[in-house]
Amino acid sequence: MLPLFHYPRLKEKLAYIPLGDFPTPVEKLERLGKKIGAGGLFSKRDDLSGKFYGGNKVRKLEFLLGQVRRKNAGEVLTFGFAGSNHALAMAIYAKDVGLRSISMLLRQPNAGYVRRNLLMGYYAGAELRHYPDMFSILWGSIFELVRHRFRSGRFPAVIPPGGSSPRGVIGFINAAFELREQVETGQIPEPDRVYVALGTMGTAAGLALGLKAAGLKTQVVPVRVVDRKCADAKSLARLFNKVNMYVSGQDHSFPRIKYSEADTGIRHDYFGEGYALFTRAGREAVALMEECEGIKLEGTYTGKALACLIDDVRKNQHRGQVILFWNTYNSRDLSRVTAGVDYRCLPRDFHRYFEEEIQPLDPDHIKTTERIRRPG
């Protein structure tokens, strides 16, 4: 049973489909901690949240797709950028439960993970649609909804970017209760701080609410990785309170918690020059994690969040504290699957990601350059 379902009315009222491999482990990052000077450094391995595809989206999809199935919809339509981990997770797990998916994707800076995600999305059977800006994706979405209504007789269920609706965020309230059980069983000391990437804000909002409801004193440190207009203190506090109202409305025994903009503690200094543009600090963080722990991160989300954590530790801000890095990336290797997909099978708008250079700070670019320079 999910830890959150100890609230009996939530178990009765919330549609839910088990998709992931939970609880995800907590591991002490001994080598990385020694390298940066953090004796109590741990990772919550949500990168292992699914046997085939992991990452933070699986927790949200258990509740989102549960509701879609309850409403007997046959298709789901969701949004993201071209390399969206959310859109890919949706494609994979929607197919797993017998649903078709449509991915409405915006243009973004090129990177190796963008190529991998697009190939995997195509393999998973998603309809991939590419748009240059918000205006075109709006009208494109209306067109796709109407087209699919005429084709199947029903509108697709619409899932917001990142799955960060109140129902999706519940997955991370449950994650906080999962963490409490791991603290109680001695798998990890109660963390003083948990660092997490802040994109569509659902992960941070759910953790912040869940930790407070679970009675833990752990402070969430959200590291902004998207434009400020998409994630700021006011928006995060609003989402927290909206989700709190929704959940306590389903089960009145769930606590109502006060949360304001001053409580959010968002870190803005690690975003860099734009969304999905890698930073030198992020690249260093990605390289250190792989070198020390053999865990792969990426430069858009997890690399920037870890860069903030490393910088704080090096500035001696958290001496003697227990620090938890919440790994929201997928670490399952999909290369055997994607190696068999020809990118020219994708809609032509996506070919540019395979025919143009990836950004110089991308570890994939660096590895490619090293292979070219290596004699023979």
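Would you confirm whether or not the range 148-170 contains a residue that is in a helix (DSSP H, G or I), out of contact with any helix residue (DSSP H, G or I) (no Cβ under 9 Å at 6 or more places or on another chain) and in contact (Cβ under 8 Å) with a residue 12 or more places away in the chain? Yes, that holds for at least one residue.
Checked against the criterion of being in contact with a helix residue (DSSP H, G or I) (Cβ under 6 Å, 6 or more places away or on another chain), modelled with pLDDT of 95 or more and assigned to a strand (DSSP E or B), the candidates 176, 197, 205 yield just one match: 197. Regarding the range 310-328, can at least one residue be identified that is among the small types (Gly, Ala, Ser), modelled with pLDDT under 95, assigned by TED's automatic domain parsing to the domain that holds residue 35 and assigned to a loop (DSSP other than H, G, I, E, B)? Taking every residue of the range 310-328 in turn, at least one turns out to be among the small types (Gly, Ala, Ser), modelled with pLDDT under 95, assigned by TED's automatic domain parsing to the domain that holds residue 35 and assigned to a loop (DSSP other than H, G, I, E, B). Residues of the range 150-159 being surrounded by 13 or more Cβ atoms within 10 Å (Cβ to Cβ) and under 17 Å from residue 126 (Cα atoms), which ones? Listed by number, the residues that qualify are 152, 155, 156, 157, 158, 159.
Residue pairs whose Cβ atoms lie under 8 Å apart, sitting 6 or more positions apart in sequence or on different chains, and linking a residue in the range 124-141 that is touching a residue at least 60 places away in the same chain (Cβ under 8 Å) to a partner that is surrounded by 12 or more Cβ atoms within 10 Å (Cβ to Cβ) and in a helix (DSSP H, G or I), are 128/118; 128/121; 128/122; 128/350; 129/140; 129/144; 130/349; 130/350.
Table: residues versus (1) within 30 Å of residue 12 (Cβ to Cβ); (2) assigned by TED's automatic domain parsing to the domain that holds residue 208; (3) not small (Gly, Ala, Ser).
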{"site": "227", "(1), (2), (3)": "no, yes, yes"}
{"site": "249", "(1), (2), (3)": "yes, yes, no"}
{"site": "256", "(1), (2), (3)": "yes, yes, yes"}
{"site": "270", "(1), (2), (3)": "no, yes, yes"}
{"site": "274", "(1), (2), (3)": "no, yes, no"}
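Among what's in the range 80-103 and is hydrophobic (A, V, I, L, M, F, W, C) and more than 17 Å from the chain's Cα centre (by Cα), pick the residue that is surrounded by the most Cβ atoms within 10 Å (Cβ to Cβ). Before the answer, list the steps.
Our first condition is that a residue be hydrophobic (A, V, I, L, M, F, W, C); within the range 80-103, this holds for 81-82, 87-92, 94, 97, 99, 102.
Okay, now just the ones that are also more than 17 Å from the chain's Cα centre (by Cα), so 97, 99, 102.
Details: 97: 14, 99: 20, 102: 24.
Per the criteria, the residue is 102.
Specify which of the listed residues (281, 287, 276, 262) is over 19 Å from residue 364 (Cβ atoms) and either of a type in the set (Gly, Ala, Ser) or crowded, with 17+ Cβ neighbours inside 10 Å (or both). Matching residue, one of 281, 287, 276, 262: 262. Pairs needed: first member in the range 318-330, closer than 11 Å to residue 46 by Cβ; second member anywhere, part of a loop (DSSP other than H, G, I, E, B) and among the aromatic types (Phe, Trp, Tyr); C-beta distance under 6 Å; at least 6 residues apart or different chains. These pairs meet every condition: 330/53.
Which of the residues belonging to the range 193-207 are at negative phi and either surrounded by fewer than 24 Cβ atoms within 10 Å (Cβ to Cβ) or of a type outside the set (S, T, N, Q) (or both)?
Just the residues of the range 193-207 that are at negative phi, to begin with: 193-200, 202-207.
Passing the criteria: 193, 194, 195, 196, 197, 198, 199, 202, 204, 205, 206, 207.
Restricting the range 208-218 to residues that are assigned to a helix (DSSP H, G or I) and in contact with a strand residue (DSSP E or B) (Cβ under 8 Å, 6 or more places away or on another chain) leaves a set whose member that is surrounded by the fewest Cβ atoms within 10 Å (Cβ to Cβ) is 211. Of the strands (runs of 3 or more DSSP E) lying entirely inside the range 11-119, those containing at least 2 residues that are in contact with a strand residue (DSSP E or B) (Cβ under 7 Å, 6 or more places away or on another chain) and closer than 30 Å to residue 132 by Cβ span 75-81, 100-106.
The values are calculated or read from the model by the stated rules, or taken from the named source; none is laboratory data. Here the structure is a predicted model, which means the values were calculated and not measured. So basically every Cβ, Gly included, is an ideal-geometry build from the backbone, and we count neighbours across all protein chains shown.
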